1. Is the range 114-137 home to any residue that is exposed (fewer than 14 other Cβ atoms within 10 Å of the Cβ), in contact with a Gly (Cβ under 8 Å, 6 or more places away or on another chain) and assigned to a loop (DSSP other than H, G, I, E, B)?
2. Being modelled with pLDDT of 95 or more, open to solvent by 70 Å² or more (accessible area, probe 1.4 Å), within 18 Å of residue 61 (Cα to Cα) and part of a loop (DSSP other than H, G, I, E, B) is true for just one of 214, 219. Which residue is that?
3. Mind counting the residues in the range 227-253 that are closer than 19 Å to residue 58 by Cα, small (Gly, Ala, Ser) and touching a residue at least 60 places away in the same chain (Cβ under 8 Å)?
4. State whether the residues of the range 221-234 include one that is at positive phi and either under 19 Å from the mean Cα position of the chain (by Cα) or of a type in the set (Asp, Glu) (or both).
5. Which condition number does residue 189 fail, the rest of (1) of a type in the set (D, E, K, R); (2) open to solvent by less than 50 Å² (accessible area, probe 1.4 Å); (3) not in a helix (DSSP H, G or I) being met?
6. Please pick out the residue among 87, 164, 151 that is in contact (Cβ under 8 Å) with a residue 60 or more places away in the chain and open to solvent by 30 Å² or more (accessible area, probe 1.4 Å).
7. Six or more apart or on different chains, Cβ atoms under 8 Å: show the pairs whose first residue is in the range 39-57 and in a helix (DSSP H, G or I) and whose second is open to solvent by 70 Å² or more (accessible area, probe 1.4 Å).
Amino acid sequence: GVFNLVNGDGPGVGEAISGHPDIDMVSFTGSTRAGIAIAKNAADTVKRVAQELGGKSPNIVLDDSAFTKSVAKGTVAMMGNSGQTCTAPSRMLVPHARMAEAEAAPNGNAAIGLVVSRAQWDKIQGLIEKGVEEGATLVAGGPGKPEGLETGHYVKPTVFADVTNDMTIAREEIFGPVLCILGYEDYDDAIRIANDTEYGLASAITGEDIELARSLAKRIRAGRVAINGGYDLNAAFGGYKKSGNGREWGEWGFHDFLEVKAVMGHG
């Protein structure tokens, strides 16, 4: 049998699947913390584990005439579902020379709702404050609740610029409406920054030069690369590194749920 758990987290989630002899496999979607606990508990009874975990996805904005439009598009994509998306393009990479343009560009409309709990709100607030403390430039938003929305777990849509990849807000998955804008020197540097993360679930490249985007996509260590917002339910979905293992969607989504049997001498 298969034990499937979606959006799980917190103490006890790993122990929930141990000691079940009829379960051969665990399929889990949730936090990396909970995924590690599940994998450890599954090891005692040699269960197979397929996991879709956290992410800190880069969005490389190309240095071209569509720059302002690309930044605005990436900002709106980040804020979807109030940033509570595992594939959220939370690290936007722009040329150092165009950082000021990037700071002025973020705009557009995104539906911002509540975050899932008070505990998550507190975590996001702590990371926003950490970003300010570590010297990132606060372009929009910031700590606290939006004016007029004091009731409920609302977070101000927040944009930081001049972020470096060693800052806490660039390393940790925030899972809230917080965008980090980082600068790169050239495209080799952009790839280095994009891959400098313990995650590898998704990534994005935004700009006009499709051939350049394709060449960069080959060098990003992530399970998915979206060029100008590409999306396909038939494409395999899953992560590298601490973003999980196994794949969902399309034909690849069946592979981890299959067991192979060899019957010899049959005919």
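1. Scanning the range 114-137, I find no residue that is exposed (fewer than 14 other Cβ atoms within 10 Å of the Cβ), in contact with a Gly (Cβ under 8 Å, 6 or more places away or on another chain) and assigned to a loop (DSSP other than H, G, I, E, B), so the answer is no.
2. Values: 214 fails: part of a loop (DSSP other than H, G, I, E, B).
Result of the check over 214, 219: 219.
3. 5
4. yes
5. Evaluating residue 189 over (1) of a type in the set (D, E, K, R); (2) open to solvent by less than 50 Å² (accessible area, probe 1.4 Å); (3) not in a helix (DSSP H, G or I) leaves (3) as the failure.
6. Within the list 87, 164, 151, the selection yields 87.
7. 41/15; 42/48
The values are calculated or read from the model by the stated rules, or taken from the named source; none is laboratory data. Keep in mind that this is a model prediction, so the values were computed, not measured. Neighbour counts run over all protein chains shown; Cβ positions are idealised from the backbone, glycine included. Ligands, DNA and RNA are excluded from the accessible area calculation, which covers all protein heavy atoms including side chains. Shrake-Rupley method; radii C 1.70, N 1.55, O 1.52, S 1.80 Å.
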